[in-house]
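The values are calculated or read from the model by the stated rules, or taken from the named source; none is laboratory data. Just so we're clear, the structure is a prediction, and the values are computed from it rather than from any experiment. Positions of Cβ are generated from backbone atoms using ideal geometry, with glycine treated the same way; all protein chains shown enter the neighbour counts.
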Amino acid sequence: MSLNHNDTSIAIVAVGPGDPSLMTLQGREILENADVVAGFKTVLDVVQPWLTNAEACPMTYRDQEEVLEYVESQALLGKKCVVCCWGDLNVSARELLARVRRRAGKVELTPGISSIQMACARAGISMEDAVFITLHQRRGASDDFASDVEEVVHFLKDGRRHVILLPRPYDLMPPGIAKELVSAGIAGDRPVTVFQRLTLEGEKRWDGNLDECGEITEEFSDLSIMVIFTGTGEGPDSHE
Ligand SMILES: C[S@@+](CC[C@H](N)C(=O)[O-])C[C@H]1O[C@@H](n2cnc3c(N)ncnc32)[C@H](O)[C@@H]1O
């Protein structure tokens, strides 16, 4: 069978924050019935148990276009193709979604649990009391960073919402971000929590304030999330 581009379909399945038991039943069923499953290696590791019938296609940032081209060729042959995405697909995954959308007439999305939901659950905060900002974007120009920091500073000064921040491995990590915020005028005693490797082996939590965070010299995992709390005295909730 050979299809036209407009008739092809690729599923995108979000696999959750790392612990395979946090994958949705719908996502699992799609993977069990798939012919071809592509994703970054760490993502495929999570879903490996359900790839009984599928050809697994690991990809890296460098070869992702070639791997997706192969997925497209299989979708054109009528195979059931899936691209997996970490956490939830509506959170800091725009670039991957756009790449897949260019490769199929129809894209079916199965959301998952985001690492930012896990951070909210661990910190005991509600999403409606928080704003989410990602520095994890493949842009890189220094004035982009300046405008991202400006946005973080804006919400911190406004003080109504906690800021959930995804750092950018490894050049924009929590200590550097904390220093930057203090030099932009945010009080150094503003409470901060950094979560690392949520739901995974070696999960860690650090609680302190911006000044203390700026002094940390130990290296953070690429899977790190900062929560900077409102200045209203409502600090990190350490109840698990
Ligand atoms: C490109 S973003 C993708 C986010 C993903 N779509 C989600 O919903 O979690 C990757 C960033 O998410 C954060 N992240 C993802 N999983 C995490 C985890 N298990 N623990 C801590 N941070 C995590 C880290 O900041 C990491 O650099």
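Only residues in the stretch 75-97 that are more than 15 Å from Val43 (Cβ to Cβ) and assigned by TED's automatic domain parsing to the domain that holds Ala11 count as the first member; pair them with residues that are part of a helix (DSSP H, G or I) and within 11 Å of the ligand (Cβ to nearest atom), Cβ under 9 angstrom, at least 6 apart or cross-chain, and list the lot.
Asn90/Leu97
Tally the residues that are within 9 Å of the ligand (Cβ to nearest atom) and part of a loop (DSSP other than H, G, I, E, B), restricting the search to the stretch 80-106.
Here is the first cut: in the stretch 80-106, the ones within 9 Å of the ligand (Cβ to nearest atom) are 85-93, 95-96.
Remaining after also requiring part of a loop (DSSP other than H, G, I, E, B): 86, 88-93.
Residues that pass the stated criteria total 7.
Taking the conditions exactly as written (modelled with pLDDT of 95 or more, under 20 Å from the mean Cα position of the chain (by Cα) and assigned to a loop (DSSP other than H, G, I, E, B)), does Gly18 satisfy them or not?
yes
Taking the options Ala11, Ala34, name whichever one is in contact with a strand residue (DSSP E or B) (Cβ under 9 Å, 6 or more places away or on another chain), away from the ligand (no atom under 15 Å from the Cβ) and part of a strand (DSSP E or B).
The unique qualifying residue is Ala11.
With the requirement that a residue be within 12 Å of the ligand (Cβ to nearest atom) and without any contact (Cβ under 8 Å) to a residue 24 or more places away in the chain, what does the stretch 172-205 give you?
Listed by number, the residues that qualify are Glu201, Gly202, Glu203, Lys204.
Are any residues in the stretch 21-50 more than 20 Å from the chain's Cα centre (by Cα) and of a type in the set (Val, Ile, Thr), and if so, which ones?
Ile30, Val36, listed by residue number.
Could you tell me whether the stretch 56-79 includes any residue that is within 16 Å of the ligand (Cβ to nearest atom), at positive phi and not in a helix (DSSP H, G or I)?
Checked the stretch 56-79: no residue is within 16 Å of the ligand (Cβ to nearest atom), at positive phi and not in a helix (DSSP H, G or I).
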